[in-house]
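Asks: First the structure, then my questions, so here it is.
The values are calculated or read from the model by the stated rules, or taken from the named source; none is laboratory data. Bear in mind that the values here come from a model prediction, so they are computed numbers and not experimental data. FYI the Cβ positions are ideal-geometry reconstructions off the backbone, even for glycines, and counts take in every protein chain you see. The accessibility values were calculated without ligands, DNA or RNA, using every heavy atom of the protein model including side chains. Shrake-Rupley method; radii C 1.70, N 1.55, O 1.52, S 1.80 Å.
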Amino acid sequence: MADIRVTSSEDLENIVPINKITFAQRLREYRRKPLSLIMHLIVILAAALSAAALIFLIIYILIKGVPNLTPDLFAWEYNSTNVSCMPAIINTVIITFLTLLISVPLGIGAAIYLAEYAKKGNKIVKVIRAMAETLSGIPSIVYGLFGMLFFVTALGWGYSLLAGAFTLAIMVLPTIMRTTEEALLTVPDSYREGSLGLGAGKLRTIVRVVLPSAVPGILAGIILSVGRIVGETAALIYTAGSATGTAAGVMSSGRSLAIHMYVLANEGLYTNQAWGTAVVLLVLVFGINCLSAFLAKKLGSKK
């Protein structure tokens, strides 16, 4: 244990934990440094505005959409009378599963290479990170046009769930890769040194020690990716198409829930049903996030 020497009462006050600082001590600190008080108020104001905007958006969607949640909206078959969103929900789940099945192994594998195997200062690593950050900022419509030209036309897949899933996998791959890499880098080196010191190999150390410790960060990236997958329209409308029924297979066309809501709102004939679909989309994303957080907590407690 480190030897802590206290030479005066001022030193004793300096080592008091931050959460034990009283209001009077904070007030004296702010009087000495008015800029700290200003920055503190700005941060509180920014947090309050962000929370207020989110709460307002959720409440507004619920008020407009909940009254339009009718049994017809969840019928198994879509027609011009019920404009059911059930086929779109099923298509969304399939597209999300396929996208994660493609992007998660590739993203985690690339992150493991960058964090564990690549040498520090490697120029190729710097290029990969720069390209990943660049890809994260490209508009989704560009991905949609690329997917249409390559997967739909060049490969001859046509408008299909598989073409949409591959396009979305390219979209979310940088997010999964960067968040996983950051999660791996936060794992203390002592974990690796202890495992290697006990005779474990490099791969076994990564699989049994490093990855379990980085699970919360990895799942955070996956959650962000799921949110983008479920809410994407531009990339899917050019690749997966907008067929109204449930896709017969991965090579068949089918609209996602976000495209279904967009089409209903754009036609102008089913605005109320579009608001109901928005509530379903909101609940779906919230449920997926809660499930991911639950899994992260369970996996974290087993370490």
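Asks: Looking only at residues that are closer than 19 Å to TYR113 by Cα and assigned to a loop (DSSP other than H, G, I, E, B) in segment 171-205, which one is most open to solvent (accessible area, probe 1.4 Å)?
Replies: THR186
Asks: Considering segment 239-269 alone, what residues qualify as being without any contact (Cβ under 8 Å) to a residue 40 or more places away in the chain, assigned to a loop (DSSP other than H, G, I, E, B) and touching a helix residue (DSSP H, G or I) at 6+ places or on another chain (Cβ under 7 Å)?
Replies: SER242
Asks: Here is a further query. I'd like to check something: does segment 163-170 contain any residue that is of a type in the set (Val, Ile, Thr), in a helix (DSSP H, G or I) and in contact (Cβ under 8 Å) with a residue 12 or more places away in the chain?
Replies: Yes; the residues of segment 163-170 include at least one that is of a type in the set (Val, Ile, Thr), in a helix (DSSP H, G or I) and in contact (Cβ under 8 Å) with a residue 12 or more places away in the chain.
Asks: Further question on the same structure: Can you report the number of residues in segment 110-127 which are in a helix (DSSP H, G or I), open to solvent by less than 40 Å² (accessible area, probe 1.4 Å) and under 18 Å from PRO174 (Cβ atoms)?
Replies: 6
Asks: Could you please give the count of residues in segment 136-169 that are among the hydroxyl-bearing types (Ser, Thr, Tyr) and surrounded by fewer than 21 Cβ atoms within 10 Å (Cβ to Cβ)?
Replies: Residues meeting the conditions: 3.
Asks: Among (1) outside any helix (DSSP H, G or I); (2) surrounded by fewer than 18 Cβ atoms within 10 Å (Cβ to Cβ), there is one condition PHE286 misses while meeting the rest; what is its number?
Replies: (1)
Asks: Residues in segment 51-94 that are part of a helix (DSSP H, G or I) and either of a type outside the set (Gly, Ala, Ser) or in contact with a Lys or Arg (Cβ under 7 Å, 6 or more places away or on another chain) (or both): how many?
Replies: 27
Asks: Check ALA163, ALA154, ALA183, ALA169 and return the single one that is modelled with pLDDT of 90 or more and within 18 Å of the chain's Cα centre (by Cα).
Replies: Answer to the check: ALA169.
Asks: Within segment 224-257, how many residues are buried (at least 24 other Cβ atoms within 10 Å of the Cβ), under 20 Å from LEU282 (Cα atoms) and hydroxyl-bearing (Ser, Thr, Tyr)?
Replies: Going through segment 224-257 one residue at a time, the tally reaches 2.
A quick yes/no check of all residues on (1) over 30 Å from TYR238 (Cα atoms); (2) open to solvent by 60 Å² or more (accessible area, probe 1.4 Å); (3) touching a Pro at 6+ places or on another chain (Cβ under 8 Å):
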| residue | (1), (2), (3) |
| --- | --- |
| LEU45 | yes, yes, no |
| PHE56 | yes, yes, no |
| PRO67 | yes, yes, no |
| CYS85 | no, no, no |
| ILE90 | no, no, no |
| ARG129 | no, yes, no |
| THR134 | no, yes, no |
